[in-house]
Amino acid sequence: SGATFGEFPINKLVGEIYKSGQFHFWNPYKALGEPVPEQLGTAVFFPYQILEDLAPVSTWDYFYLGRLLIAGYFTFLFLRLLKVSKVGSLLGGIIYMFSGNFTWFINNEHIVNPAMMLPVILWSLEGLLQNLSPRYLVFLVFSLALILVSAPPGATLFALLLVFIFCLFRIISGHFLKSRRMLFLVFVLITTIGLIAPLLLPSLDFFKEAFTLREGSGLASVSPVN
């Protein structure tokens with residue numbers, strides 16, 4: 001699978017780079033070499049992925065299962081904030097953690113990482129809307145920042161789209177339209193961009209300079225040789 005021939009060796013390489021202490025994130029095994037952080041989806045700066053890459057390969061299965069537990073737990077917390085019963089919240093967490101993203105793509109980190117972070121964002125967002133607590137504010141800022149480095153934009157886009165729709169629904173519902181919570185959300189957005197921009201800008205620059213044979217992909221295209 002793609003995870004076996006693509007993500008597995010990259011994860012192993014990133015783990016070896018971190019262990020060496022050099023932090024020279026260069027992949028010499030691809031063509032003439034390529035900077036690893038600029039390959040969207042390598043999750044070089046995603047803490048959970050770093051821990052997995054540093055751990056022995058024999059323990060990686062526990063990290064795969066850990067993503068399910070984190071996703072299920074925060075789904076439970078999110079549903080409890082929505083006043084769902086304990087049984088309903090538990091059932092919702094179990095259903096989500098065993099959904100297709102976590103079972104069919106369990107070792108495809110570029111899919112599972114943002115799926116794991118999604119309930120964390122929703123829980124912290126709903127908590128902030130109900131109570132202007134520093135805990136929820138910190139969780140929301142860092143969870144938004146982390147999801148952006150957890151996977152390529154194509155995967156995180158759908159997760160953030162759901163967050164946007166949920167936030168828009170809460171605005172329309174009028175629960176915080178005339179309060180300071182709107183200012184807090186603006187603060188969260190600006191702070192998140194400030195935290196994550198240094199990590200994303202190199203990838204965006206690399207995206208402009210990369211080449212592909214597919215036209216209309218947003219990358220510089222190369223005409224096939226006749």
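A short reminder: the numbers here are calculations on the coordinates, not readings from a lab. Source: prediction; values computed, not measured. All Cβ positions, even for glycine, are placed from backbone atoms using ideal geometry, and neighbour counts span all protein chains on display.
One table, with the values for the structure above:
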{"quantity": "Efficiency of FRET between SER20 and ASN131 - r from beta-carbon atoms, R0 35 angstrom, step 0.05", "calculated": "0.20"}
{"quantity": "Rounded if a/c under 1.5, otherwise prolate or oblate - region 80-158, Cα gyration tensor axes", "calculated": "oblate"}
{"quantity": "Where a label projected 7 Å from the Cα of PHE8 along Cα→Cβ would reach, residues of region 98-122 with amide N under 16 Å", "calculated": "105-110"}
{"quantity": "VAL36 long-range amide H proximity, modeled H, under 5 Å", "calculated": "TRP26, ASN27"}
{"quantity": "Efficiency of FRET between VAL84 and LEU54 - r from beta-carbon atoms, R0 45 angstrom, step 0.05", "calculated": "0.75"}
